[in-house]
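> If you scroll down you'll find the structure; I have some questions about it.
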There are 2 protein chains.
Amino acid sequence: MRIPLSTLHQQLKTILLSLGFTEHRADLCAQIFTNNSRDGVYSHGLNRFPTFVEHIKKGRTVPNAEPQLISSNGIIETWDGQLGPGMYNATVGMNRAIEISKDKGIGWVTIKNTNHWMRAGTYGWQAADAGSIGICFTNAIAGMPAWGGTTPVLGNNPLVIAVPRKEGHLVLDMAMSQFSYGKMQEYEFRKEQLPVAGGYDEQGNLTTDPSAIRKTKRALPIGNWKGSGLAMMLDILLVAMSGGRSTAEITASGFEYGVTQTFIAIHQPHYHEALINETINYTKGSDPVFYPGERTLSTRLLSEADGVLVDETVWQRVQTLNS
Amino acid sequence: MRIPLSTLHQQLKTILLSLGFTEHRADLCAQIFTNNSRDGVYSHGLNRFPTFVEHIKKGRTVPNAEPQLISSNGIIETWDGQLGPGMYNATVGMNRAIEISKDKGIGWVTIKNTNHWMRAGTYGWQAADAGSIGICFTNAIAGMPAWGGTTPVLGNNPLVIAVPRKEGHLVLDMAMSQFSYGKMQEYEFRKEQLPVAGGYDEQGNLTTDPSAIRKTKRALPIGNWKGSGLAMMLDILLVAMSGGRSTAEITASGFEYGVTQTFIAIHQPHYHEALINETINYTKGSDPVFYPGERTLSTRLLSEADGVLVDETVWQRVQTLNS
């Protein structure tokens, strides 16, 4: 079913207010969940909201904690997120990176002790909307074996690269597994198979069955050994820049909280937009090729016109959360 | 067969001197080719040398061109490589990034009009040897269709992330295709199939036959649509930061030259090495898992002890090049 964006936003905001969020934070966090569903990233929109609420109730997310600056050299900053809401901390982190980039050209902000930021791409769009190139990445609880192993030891550690453009920003938002667990859950909800193999079943065979992979936690890294290496290096970069918790430590804690995230913004007088457009045209050619961010934009327009698509069961469940 | 490192280096240097390289450049470029073979990256060591010589003879690589600074804000620099040898320009570019990082924390250098740098990882090792984190990427001639298309429009645009460490640097060096064409050529030389599907054959089926993929130029991006998006975004970043040639323009020129490359270095007082080691130990666990760079180091030690492995046919061919 489709519901108006404002209805979804208001409902989520009301629940967050009832959990003790300040007006500003409730509004911002509800907006991010709403926008994620609006843009078609259902796994990190409404569908994830009940889990977010659970983390708050369990005290793993502190509604009104304020991130604290630990160190700065004027370009590189390290912050402690104080276990505040991930979307709030990430917005603050990317904002700082953007501010620094407008002054110095580059801002590089790492936040430790923060929480799941929901859709990674949110903060890429944020940077691009502010006219800066945005790059960000996070670590996560282990959900993927390293190449050569069978035990989940790697997070799927999403990576975002966003470049601003008048006709629509380019925003790449990719997890290191072929499918994020959120995406696999969507296929499971719809009782569909994955379009390509996404991991291993209990017999150790590659499979397109999302339930089997969610069970074994043996998601397939993109490009096999390559995504395995990239997931590990992003975790290492996060730790090296901040001393924050690694996937190893997050996993040992038993819950996905207290993660580490980096926000990079680059600001330039211009971005050679004519050349970027030439590259897009060349890459598309006459084939049905989409640039990263293109389909997000068309889903967004549809949601704004016709309302946002929600899973009826989840929507009903969420409506009971503020009691 | 195995030959001493010094023999390989001397042979390559002699040829470069005969092509008009200055003593310093001949020495540096020969050393990089030698080190690439030494480290087991045969596709971009000796095996690639004849192609490098051909580019010089055709005037697409200018032996003694010196890169020129175009713009600088103190942290972000843009250079014009003047079509000099890629390995020389890349060494200069990463050196600049390292110098800036030691002063400002981060250096971000983009070079346009440069040439193939051979092994991407070389410049990651360079940064890590200098005590900085190194990140670099390049664009390339189109050799891979974008997701949804069948015409090659994407370069395989290698990405490197290197983090220094006392017990051995972590260096990830990955192209955006499941296998680089250089790597596929190695399998072809050895008349072996690829270990996993690496692209499409003429009938449009996924195949492990390196010759079939080298023919169709339909290499498979890592993670299907994900590597396709990442390859495109790296090209866009390079263009946005420098106005240099994109994969579109390189491909239109008919030859892989005049490419664009970015070198990023980050310098920190320390990199939380104990936590990095903890992450490595956790990721390895009891499984046969290697951290990025681990096997490079063991191949290097073997080459230094027993000599570097060379393909006899290529070695004989190279020995005739300085006549």
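None of the figures in this text is laboratory data; all of them are computed from the coordinates on show. Please read all numbers here as calculations on a predicted model, not as lab measurements. Here Cβ is always computed from backbone atoms with ideal geometry, including for glycine, and neighbour counts include all displayed protein chains.
> Take the alpha-carbon centre of the range B:81-137, take the same for the range A:81-143, and report the distance between them in whole Å.
Spelled out, the Cα-based centre of one part sits 26 Å from the other.
> Can I ask one more? Can you work out the FRET efficiency for the pair A:Arg2 and A:Ser253, with r the C-beta to C-beta distance and R0 = 30 Å, to the nearest 0.05?
Numbers: r = 38 Å, r/R0 = 1.28.
Efficiency computed from Cβ-Cβ geometry: 0.20.
> At R0 = 30 Å, how high is the FRET efficiency between A:Lys215 and B:Ser286 if r is their beta carbon distance? Nearest 0.05 is fine. Spell out each step's value before the answer.
On the way: r = 22 Å, r/R0 = 0.73.
E(calc), rounded to 0.05, equals 0.85.
> Here's a follow-up. Are there any GluC sites (Glu not before Pro) in the range B:151-225 that are in a DSSP loop and have at most 14 other Cβ atoms within 10 Å? List them by number. Kindly include the intermediate steps, with their values, before the conclusion.
On the way: sites: B:Glu167, B:Glu186, B:Glu188, B:Glu192, B:Glu202; in loops: B:Glu167, B:Glu192, B:Glu202.
Here the GluC sites (Glu not before Pro) that fit, given the DSSP loop and packing criteria, are B:Glu167, B:Glu192, B:Glu202.
> Over the range B:71-112, what lengths in whole Å, largest first, do the semi-axes of the equivalent ellipsoid take, defined as the square roots of 5 times the eigenvalues of the alpha-carbon gyration tensor? Each step should come with its number before you reach the end.
Working: eigenvalues 71, 25, 5 Å².
After scaling each eigenvalue by five and taking roots: 19, 11, 5 Å.
> For the range B:164-253, state the semi-axes of the equivalent ellipsoid (square roots of 5 times the eigenvalues of the alpha-carbon gyration tensor), sorted largest first and rounded to whole angstrom. Don't skip to the end; give the middle numbers.
Numbers: eigenvalues 128, 88, 31 Å².
That gives 25, 21, 12 Å for the three semi-axes.
> How far apart, in nanometres, would the label points at A:Thr150 and A:Asn224 be if each is projected 7 angstrom from Cα along the Cα-to-Cβ direction?
Each label point is offset 7 Å from its Cα along the Cβ direction, giving 1.9 nm.
> Go ahead and set up a Gaussian network model of chain A, Cα springs under 10 Å, then flag whichever of A:Phe263, A:Phe21, A:Phe137 fluctuates most.
A:Phe21
> While we're on this one: How large is the helix-only mean residue ellipticity at 222 nm for chain B, computed as the sum of -39500 (n - 2.57) over DSSP H runs with n ≥ 4, divided by its residue count, in deg cm²/dmol to the nearest 500?
Working: 12 runs with 141 residues, N = 323.
Mean residue ellipticity at 222 nm (helix-derived): -13500 deg cm²/dmol.
> Another question, then. Hey, rough spin-label estimate for B:Asp306 and A:Ala305, points 7 angstrom out along Cα→Cβ, what's it come to in nanometres?
A separation of 6.6 nm, rounded to one decimal place.
> Rounding to the nearest 20 debye, state how big the charge dipole of the protein assembly as shown is about its Cα centre with +1 on each Lys and Arg Cβ and -1 on each Asp and Glu Cβ.
Details: 56 positive and 58 negative charges, 46 e Å.
Computed charge dipole of the protein assembly as shown: roughly 220 debye.
> Now for a separate question. Measuring nothing but label to label, 7 Å from Cα along Cα→Cβ, what are B:Glu304's distances to the other copies in nm, shortest first?
Nearest first, the other copies' label points are 5.9 nm away.
> What's the magnitude of the charge dipole for the range B:1-124 around its Cα centre, counting Lys and Arg as +1 and Asp and Glu as -1 at the beta-carbon? Answer in Debye, nearest 20. Display every interim value, and only then the final one.
On the way: 13 positive and 9 negative charges, 72 e Å.
Here the size comes out at about 340 debye.
> Dipole of the protein assembly as shown (Lys/Arg Cβ +1, Asp/Glu Cβ -1, origin at the Cα centre): which of A:Ala274, B:Thr283, A:Gly86 lies farthest to the positive side?
Checking the options against the dipole of the protein assembly as shown, the answer is B:Thr283.
> Then there's this: How large is the Rg to Rh ratio of the range B:273-323 when both quantities use alpha carbon positions and Rh follows Kirkwood? Walk me through the numbers on the way to the answer.
Values: Rg = 18.1 Å, Rh = 14.2 Å.
My calculation of the ratio gives 1.28.
> Okay, moving on. Within 10 Å of each candidate Cβ there may be at most 16 other Cβ atoms; applying that plus a DSSP loop requirement, which chymotrypsin sites (Phe, Trp or Tyr not before Pro) in the range B:192-257 survive?
Numbers: sites: B:Tyr200, B:Trp225, B:Phe255, B:Tyr257; in loops: B:Phe255, B:Tyr257.
Sites meeting the loop and neighbour criteria: B:Phe255.
> Next question. If Lys and Arg each add +1 and Asp and Glu each add -1, what is the summed charge of the other residues whose beta carbon sits under 15 Å from the beta carbon of B:Arg300? All intermediate terms of the calculation are to be shown ahead of the outcome.
Values: positive: B:Arg2, B:Arg38, B:Arg119, B:Arg295; negative: B:Asp39, B:Asp129, B:Glu167, B:Asp173, B:Glu294, B:Glu304, B:Asp306.
That sum, taken over residues with Cβ under 15 Å, equals -3.
> If you average the alpha carbon positions of the range A:13-64 and of the range A:250-323, how far apart do those two centres end up, in angstrom?
So the two Cα centres are separated by 17 Å.
> What's the extension gain from B:Glu294 to B:Gln319 if we count 0.36 nm per residue and subtract their Cα-Cα distance? Don't skip to the answer; put the middle values down first.
Values: separation 25, 0.36 × 25 = 9.00 nm, distance 3.19 nm.
Between B:Glu294 and B:Gln319, full extension yields an extra 5.8 nm.
> As I understand it, the dipole of the protein assembly as shown uses +1 on the Cβ of Lys and Arg and -1 on the Cβ of Asp and Glu, about the Cα centre. Which of A:Asn35, A:Val308, A:Gly199 lies farthest toward its positive end?
Ranked along the dipole, the leading option is A:Gly199.
> If you don't mind, another one. Taking 37 °C and 0.692 mPa s as the conditions, I'd like the Stokes-Einstein D for the range A:178-220 in µm²/s, using the Kirkwood hydrodynamic radius from alpha carbon pairs.
On the way: Rh = 9.7 Å.
The Stokes-Einstein estimate is 340 µm²/s.
> Shifting gears a bit: Can you list, shortest first and in nm, the gaps between the label point of A:Glu23 and those of its counterparts in the other copies, using a point 7 Å from Cα in the C-beta direction?
A:Glu23 label point versus its equivalents elsewhere: 7.6 nm.
> Right, here's the next one. Which values of log₁₀ I(q)/I(0), to two decimal places, follow from the Debye formula for the range A:1-137 at q = 0.16 Å⁻¹ with a uniform point scatterer at every Cα?
Each listed q maps to, in turn, -0.81.
> Running a GNM on chain B with Cα contacts under 10 Å, which residue among B:Gly244, B:Gly254, B:Gly285 ends up with the highest mean-square fluctuation?
B:Gly285
> So what is the diffusion coefficient of the protein assembly as shown in µm² per second by Stokes-Einstein at 37 °C and 0.692 mPa s, using a Kirkwood Rh over Cα pairs?
130 µm²/s
> Over all distinct alpha-carbon pairs, what is the Kirkwood Rh of the range B:202-323 in angstrom?
Working: mean 1/r = 0.0501 Å⁻¹.
Computed over Cα pairs of the range B:202-323, the Kirkwood hydrodynamic radius comes out at 20.0 Å.
> Run the dipole for the range A:178-220 about the Cα centre, Lys and Arg Cβ at +1, Asp and Glu Cβ at -1, nothing else charged, and hand back the magnitude in debye, nearest 20.
Working: 7 positive and 6 negative charges, 26 e Å.
Here the range A:178-220 has a charge dipole of around 120 debye.
> Considering chain A as a Gaussian network with a 10 Å cut-off on Cα pairs, which listed residue, A:Ser242, A:Ser177, A:Ser71, attains the greatest mean-square fluctuation?
Answer for the Gaussian network model of chain A: A:Ser71.
> Can I ask one more? Assuming R0 = 30 Å, what is the FRET efficiency of B:Asp103 and B:Gln82, from their Cβ-Cβ distance, to the nearest 0.05?
Numbers: r = 25 Å, r/R0 = 0.85.
Computed FRET efficiency for B:Asp103 and B:Gln82 comes out at 0.75.
> Can I ask one more? Output, in nm with one decimal and in ascending order, the distances from the B:Asn224 label point to the matching label points of the other copies (7 Å from Cα along Cα-to-Cβ).
Those separations, rounded to one decimal, come out as 1.7 nm.
> Quick check on the range B:124-173: what are the equivalent-ellipsoid semi-axes from the Cα gyration tensor, as sqrt(5λ), descending, whole Å?
Working: eigenvalues 199, 17, 7 Å².
Working from the Cα gyration tensor, I get semi-axes of 32, 9, 6 Å.
> Then there's this: How large is the translational diffusion coefficient of the range B:99-223 in µm² per second when you combine the Kirkwood radius over alpha carbon pairs with Stokes-Einstein at 20 °C and 1.002 mPa s? Present the calculation step by step, with values, prior to reporting the outcome.
Values: Rh = 16.0 Å.
D = 134 µm²/s.
> Rounded to whole Å and sorted largest first, list the principal axis extents of the Cα atoms in chain A.
Computed over the Cα atoms, the extents are 53, 50, 45 Å.
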